[in-house]
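Colleague: The following block contains the structure, expressed as structure tokens.
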Amino acid sequence: MNRTATIVALLALSAAPTLAHGPEKHEPKPAAAGGHAEALGEPGDPKARARTIVVTMNDEMRFNPNRFIVAKGETIRFEVRNTGKIKHEMVLGTIAELKEHAALMQKFPEMEHDDPNAVGVEPGKTGLLLWRFTKAGEFDFGCLVPGHFEANMKGKITVK
Ligand SMILES: [Cu+2]
């Protein structure tokens, strides 16, 4: 290997981890490998039959509606509209997961969510979240933009 080739190889080695892991990127914990929100189901299959539920998010830190009842096994296509002037997001999870995540968001406000159980929506836009609820029980959702969950921007999903 000539000298230039060696330098190129070293640069490639040192650049690779930086590209793969930006400090602001959300990294799933090893224990949660396979994604968050396994407790309440799985990403919906775009080809499956789905029921659409329209949800609005606003700057009063509220989801409307903030309670849903779904059937076990049902796929829901959440059409999430942001009627506010700031960004909001809808994240599905258990209350413990959401609380933990909200605390993390206070430390890393730039963290972006591209998990299948979450959708971030810019002001005036509509986002889609396709989710299949596979387990019966009471679950939660919330907005994890720093301060919003703490301001009670959350809701409940009953699966039966
Ligand atoms: Cu919000």
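Colleague: Of all residues in region 128-145 being open to solvent by 10 Å² or more (accessible area, probe 1.4 Å) and under 18 Å from ASN82 (Cα atoms), which is farthest from the ligand (Cβ to nearest atom)?
Modeller: Restricting to residues being open to solvent by 10 Å² or more (accessible area, probe 1.4 Å) and under 18 Å from ASN82 (Cα atoms), the top hit is LEU130.
Colleague: Here is a further query. When HIS148 is evaluated against the numbered criteria (1) modelled with pLDDT of 95 or more; (2) more than 17 Å from GLU38 (Cβ to Cβ); (3) within 17 Å of the chain's Cα centre (by Cα); (4) open to solvent by 50 Å² or more (accessible area, probe 1.4 Å), which criterion, by number, is the only one it fails?
Modeller: Of (1) modelled with pLDDT of 95 or more; (2) more than 17 Å from GLU38 (Cβ to Cβ); (3) within 17 Å of the chain's Cα centre (by Cα); (4) open to solvent by 50 Å² or more (accessible area, probe 1.4 Å), only one is false for HIS148: (4).
Colleague: Among (1) modelled with pLDDT under 90; (2) open to solvent by 30 Å² or more (accessible area, probe 1.4 Å); (3) in contact with a Gly (Cβ under 8 Å, 6 or more places away or on another chain), where does HIS113 come up short?
Modeller: HIS113 satisfies every listed condition except (2).
Colleague: Hey, another quick one. Condition first: modelled with pLDDT of 85 or more and touching a Pro at 6+ places or on another chain (Cβ under 9 Å). Now tell me which residues in region 33-53 satisfy that.
Modeller: GLU42, PRO43, GLY44, ILE53
Colleague: What are the pairs, 6+ residues apart or on separate chains, where a residue within region 145-160 that is over 26 Å from GLU74 (Cβ atoms) has its Cβ under 8 Å from a residue that is among the β-branched types (Val, Ile, Thr) and near the ligand (Cβ under 10 Å from one of its atoms)?
Modeller: VAL145/ILE86
Colleague: Identify the residue in region 52-95 that is small (Gly, Ala, Ser) and away from the ligand (no atom under 11 Å from the Cβ) and, among all such residues, is surrounded by the most Cβ atoms within 10 Å (Cβ to Cβ).
Modeller: Filtering first and then ranking leaves GLY93.
Colleague: If you take the residues in region 151-160 that are surrounded by fewer than 21 Cβ atoms within 10 Å (Cβ to Cβ) and part of a loop (DSSP other than H, G, I, E, B), which one is nearest to the ligand (Cβ to nearest atom)?
Modeller: Only one residue tops the list, namely ALA151.
The values are calculated or read from the model by the stated rules, or taken from the named source; none is laboratory data. No experiment lies behind these values; they were computed from the predicted model shown. Every residue, glycine among them, receives a Cβ derived from its backbone with ideal geometry; neighbour counts consider all protein chains shown. These accessible areas exclude ligands, DNA and RNA; they are computed on the full protein's heavy atoms, side chains included. Shrake-Rupley method; radii C 1.70, N 1.55, O 1.52, S 1.80 Å.
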